[in-house]
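Colleague: Can you read through this structure? Questions will come right after.
The values are calculated or read from the model by the stated rules, or taken from the named source; none is laboratory data. All values reported here derive from a predicted model rather than from experimental measurement. Quick reminder, even Gly has a Cβ in these numbers, built from the backbone with ideal geometry, and neighbours come from all protein chains shown.
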Amino acid sequence: MGVFYFKTEQLLPVDLQTAWSFFSTPGNLALITPPEMDFKTLTALDAGEIYNGLLIDYKVKPLWGIPMNWKTEIRNAQKPFAFTDVQLKGPYRCWEHTHTFTQQENGVLMQDVVKYELPMGVLGNFTHALLVRKKIEALFRYRKAAIERIFNEKGRTA
């Protein structure tokens, strides 16, 4: 069974607090998820930002339109610099997505590191090579474009 990593970064034309406010608001995740995934937050959340131990339930269609339940827990929240969402229930054997935000001269460098592992051993590794890695790459390409549109067109977050 293999553990895989996906890493990406993006320079945001905003300050650190603006970046944190957007990405630490769980409801904003739907704004940067491809529509075909039919992403829905099931947990009733207030307008507040994330905190350590926050549990969030979602319904999502990651492959072939098949709905799946996904439960994450927020860990290692270090306002306004980083947090990790960890899958407690979902399609992966392991999913840990760490978001970091670093103030730069010309904006905020946002970095995403996803550590993940598929179930089913060798079959999971084969599925990763054939399909899953491409789906993750496509998801983050979509997110990058959506984030650019949100921050550049509006000049600020909602």
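Colleague: Being of a type outside the set (Asp, Glu) and closer than 24 Å to residue 116 by Cβ is the filter here, so list the residues in segment 1-11 that pass it.
Modeller: Result: 1, 2, 3, 4, 5, 6, 7, 8, 10.
Colleague: Among the listed residues 57, 112, identify the single one that is surrounded by 15 or more Cβ atoms within 10 Å (Cβ to Cβ) and under 18 Å from residue 143 (Cα atoms).
Modeller: Among 57, 112, only 112 is surrounded by 15 or more Cβ atoms within 10 Å (Cβ to Cβ) and under 18 Å from residue 143 (Cα atoms).
Colleague: Here's another thing I want to ask about it. Within segment 64-80, can you find the residues that are aliphatic (A, V, I, L, M) and over 13 Å from residue 40 (Cβ atoms)?
Modeller: 66, 74, 77
Quick grid of which residues meet (1) basic (Lys, Arg); (2) part of a loop (DSSP other than H, G, I, E, B); (3) touching a residue at least 24 places away in the same chain (Cβ under 8 Å); (4) exposed (fewer than 14 other Cβ atoms within 10 Å of the Cβ):
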{"position": "22", "(1), (2), (3), (4)": "no, no, yes, no"}
{"position": "31", "(1), (2), (3), (4)": "no, no, yes, no"}
{"position": "46", "(1), (2), (3), (4)": "no, yes, no, yes"}
{"position": "72", "(1), (2), (3), (4)": "no, no, no, no"}
{"position": "80", "(1), (2), (3), (4)": "no, yes, yes, no"}
{"position": "100", "(1), (2), (3), (4)": "no, no, no, no"}
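Colleague: Give me a count of the residues in segment 71-123 that are of a type in the set (Phe, Trp, Tyr) and within 23 Å of residue 134 (Cβ to Cβ).
Modeller: Here is the first cut: in segment 71-123, the ones of a type in the set (Phe, Trp, Tyr) are 81, 83, 92, 95, 101, 116.
Of the ones still in play, those that are also within 23 Å of residue 134 (Cβ to Cβ) are 92, 95, 116.
Here the count works out to 3.
Colleague: Within segment 112-146, restricting attention to residues that are out of contact with any helix residue (DSSP H, G or I) (no Cβ under 8 Å at 6 or more places or on another chain) and among the basic types (Lys, Arg), which residue is modelled with the lowest pLDDT?
Modeller: 133
Colleague: Please go through segment 1-11 and pick out each residue that is modelled with pLDDT of 95 or more and either more than 22 Å from residue 137 (Cα to Cα) or over 15 Å from the mean Cα position of the chain (by Cα) (or both).
Modeller: Answer for segment 1-11, where residues must be modelled with pLDDT of 95 or more and either more than 22 Å from residue 137 (Cα to Cα) or over 15 Å from the mean Cα position of the chain (by Cα) (or both): just 11.
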